[in-house]
Amino acid sequence: MGNFLSVPAEGTGLSRYLDEIRRFPMLEAEEEFMLAKKWQEQEHIESAHKLVTSHLRLVAKIAMGYRGYGLPINEIISEGNVGLMQAVKRFDPDRGFRLATYAMWWIRAAIQEYILHSWSLVKMGTTAAQKKLFFNLRKLKGQMQAIDDGDLPPETVKAIADRLDVTEEDVISMNRRLSGGDHSLNVPLRADGDSDWQDWLVDDSQSQETTIADADEHDHRMSLLHRAMDVLNERERHILTERRLKEEPSTLEELSHVYDISRERVRQIEVRAFEKLQKQMKALEAEQAIAMAQALPSPEQQAAQ
């Protein structure tokens, strides 16, 4: 897809980069669909470019959540952009979902892999559970108000271990790895450089238009999802919610006991329900696009105005 992205180089202002990417317009659903189809069918580079640049703010927003691992934010953003390009390359607009919903998983995966590669304290052979611990320990400590430095109380260790399905020894070890003393904001990033840590401390709050656009897009997707769920029966809705819409999905085994059916039957119901949901969301998107088109003034009406 080519190297048409630029990220803030080390030693330059991140604020300027954030201002630059805000200039790229966000896409309406219909325009996004047409661009994605043009890229998918014709490999039209300009269409891919518009899809990528319109989502650079999403990458920056996600990247800011990974600033606590001691790595330059420009490199984290760069890796997130790579994930975004991979998402655009593989995005199928006919599946009925917006690119942002699909791309966010690719962006996070790219950033997390970069962090795991870069951290000398984390081995490449870590299990999925240990990776989950690595990226969730800070959040859980905050939820449990265990924000003091040093070892965690035994009850907190046990609670986190149970929550993330890891051993208590893993929790203690990872907490010690991630805990560190305070550093001066004037500590240079490189021994031979003139860039300090404080150069990377920027106001990462979203602009008002981005906040409103994000909220509108989220509300739009949730509204479509809730409306589309009406095509499912109660069992399909419950299984799909438990398997695909929860932060910690239920297992096939657990649901098989709930409904007294086999795990394979649960899986079949899940797949069928997901296909029905996709089809309905696509139909609802099409209905909205037609309604918007009908609401626009005709050329004769525009000329009269």
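Take GLU254 and tell me if it is out of contact with any Phe, Trp or Tyr (no Cβ under 7 Å at 6 or more places or on another chain), surrounded by fewer than 14 Cβ atoms within 10 Å (Cβ to Cβ) and at pLDDT below 90. Here the answer is no, as GLU254 does not meet what is asked.
GLU270 meets the conditions (1) at pLDDT 85 or above; (2) in contact with a helix residue (DSSP H, G or I) (Cβ under 9 Å, 6 or more places away or on another chain); (3) surrounded by fewer than 15 Cβ atoms within 10 Å (Cβ to Cβ) in every case but one. The failed one is (3).
Considering the stretch 133-187 alone, what residues qualify as being modelled with pLDDT under 65 and within 18 Å of TYR69 (Cβ to Cβ)? Matches in the stretch 133-187: ILE147, ASP149, SER179, GLY180, GLY181, ASP182, HIS183, LEU185, VAL187.
Within the stretch 43-87, being under 15 Å from GLN112 (Cα atoms), among the aliphatic types (A, V, I, L, M) and within 11 Å of the chain's Cα centre (by Cα) holds for VAL59, ALA60, ILE62, ALA63, LEU84.
Look at the stretch 28-42: where a residue is assigned by TED's automatic domain parsing to the domain that holds LEU99 and over 14 Å from VAL52 (Cα atoms) and a partner is hydrophobic (A, V, I, L, M, F, W, C) and in a helix (DSSP H, G or I), sitting 6+ places away or on another chain with Cβ atoms under 6 Å, you get GLU30/ALA289.
The values are calculated or read from the model by the stated rules, or taken from the named source; none is laboratory data. Since this is a predicted model, take the numbers as computed values, not measurements. Quick reminder, even Gly has a Cβ in these numbers, built from the backbone with ideal geometry, and neighbours come from all protein chains shown.
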